[in-house]
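Okay, structure first, notes after.
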Amino acid sequence: MRKTVDLGDKKVTVLGTAHVSEESRKQVVELVEDIEPDLIGVELDSQRFDSLRNESGWRDLDVVEAIRDGKGYLLLFNLLLSIYQRRLGMEEGVKPGAEMLEAVEQAEKKDIDYELVDRDINTTFKRIRDELTLWEKLKLFSFFQTEEFDLSIEELKQEDIVGSIVKDLEKDFPSVKQVFLDERNVYMVEKLKEKKFDHALLVVGAAHVQGIIDELEDEGAELPEMRRKFIPWLKIANYGIPVVILSMLAYAFLGIDFDTGMEATTFWVLANSFGALLGAILARSHVLTWVAVFFSSPLTSLTPVLGAGMVAAYVEGRFYPPKVKELEDIAYITGYRDLWHNQVGRILLTFGLVSLFGALATFVGAGYIASLIATI
């Protein structure tokens, strides 16, 4: 799929590819020969480009440090998506992202300027994390875990992997399409327009083509997140929920009676402890991690900066670090169930599942305390 947009003093040819198709790689080579662009834009950011070219992203990664820096959800979601993409790429016999690398290699070979025009992958995943509710995160994890994608290789030759999955997700998770497609379309167009060129070739996944064409023809485009006033709901919840919980517990003790306060506190402690413990057990983490998360979760649930998932991942990773072979193997896993047999996967699953079940337990505990106070 290709289309040329005339911008008056310059032109942009947009090529839509499938990230697991050998045909797409050949189309890149043929189109560079055909139109002789003076600039090639590629749907990659620097981090993904380095990972594709060097294949060393996981080997060089300190998983625990990354989780501590707030990248746990980003790593887990990226890993789930990458596994499915690799699985399809193996069926097709093509390395996922080969056509993007081919575009860069053609640029280097023919001494053509090139630009990595995509938004930083960490920013994209942070936007997803901020937009999705707790329930949507639970549903999204379940969506990937079932591996029931109604996609075929033939369909993916017409549309890229991310676009196809996003279409499946759009009905239940509309914000996913907003972040993965719409926002990135505008970002890539604006990044391309910053460069000087006469005729640019822009290589993107097929799902981006129409959106990018629309943005190229819209001179007044702004990033979608700039079109509305951004309200940091996640930060408000992180700080607001502990304040509400502590206020309710204080009222139970001081405003009602000691027994009510003890009942509320006991339920709160047990709900958080067992909720987080369930996540750790489902992740198949080590017993020491179970013990640590059981005793720490009632306290971490009341702190806005330190979650139960982070504590669990730290204990799991520091006391049972992944072996070098596991760091290498994680980049080639093609089945979600294999995550439970790789320590890198178990650390990320521990973080994700403990965080999700711990958060769910927090809401259950808060609801119980509120109902207890209301009925007395």
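The values are calculated or read from the model by the stated rules, or taken from the named source; none is laboratory data. This is a predicted model, so every value here is computed, not measured. All Cβ positions, even for glycine, are placed from backbone atoms using ideal geometry, and neighbour counts span all protein chains on display.
In table form, for the structure just shown:
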read-out: Selection count where residues are at pLDDT below 75, surrounded by 15 or more Cβ atoms within 10 Å (Cβ to Cβ) and not polar (S, T, N, Q), scope segment 42-59; value: 3
read-out: Residue selected from segment 85-111 under the condition closer than 17 Å to ALA200 by Cα and touching a Lys or Arg at 6+ places or on another chain (Cβ under 6 Å), by the criterion modelled with the highest pLDDT; value: GLU102
read-out: Some residue of segment 155-168 being modelled with pLDDT under 70, crowded, with 19+ Cβ neighbours inside 10 Å and in contact with a Pro (Cβ under 8 Å, 6 or more places away or on another chain); value: yes
read-out: Complete set of residues in segment 185-222 that are under 19 Å from the mean Cα position of the chain (by Cα) and at pLDDT below 90; value: GLY205, ALA207, HIS208
read-out: Selection status of PHE294, within 23 Å of LEU356 (Cβ to Cβ), free of Cβ contacts under 8 Å to residues at least 60 places away in the same chain and surrounded by fewer than 16 Cβ atoms within 10 Å (Cβ to Cβ); value: no
read-out: Sole exception among (1) modelled with pLDDT of 85 or more; (2) under 30 Å from LYS323 (Cβ atoms) for PRO37, by number; value: (2)
read-out: Only one of ARG346, ARG284, ARG337 that is surrounded by fewer than 22 Cβ atoms within 10 Å (Cβ to Cβ) and in a helix (DSSP H, G or I); value: ARG337
read-out: GLY8 vs. criteria in a loop (DSSP other than H, G, I, E, B) and of a type in the set (Gly, Ala, Ser); value: yes
read-out: Extreme residue, farthest from ALA103 (Cα to Cα), among residues of segment 182-192 that are surrounded by fewer than 21 Cβ atoms within 10 Å (Cβ to Cβ) and in contact with a strand residue (DSSP E or B) (Cβ under 9 Å, 6 or more places away or on another chain); value: LYS191
read-out: Pair list, Cβ < 9 Å and 6+ apart or interchain, from segment 338-356 residues that are under 14 Å from LEU80 (Cβ atoms) to residues that are of a type in the set (Lys, Arg) and assigned to a helix (DSSP H, G or I); value: LEU339/ARG346; TRP340/ARG346; GLY352/LYS137; LEU356/LYS137
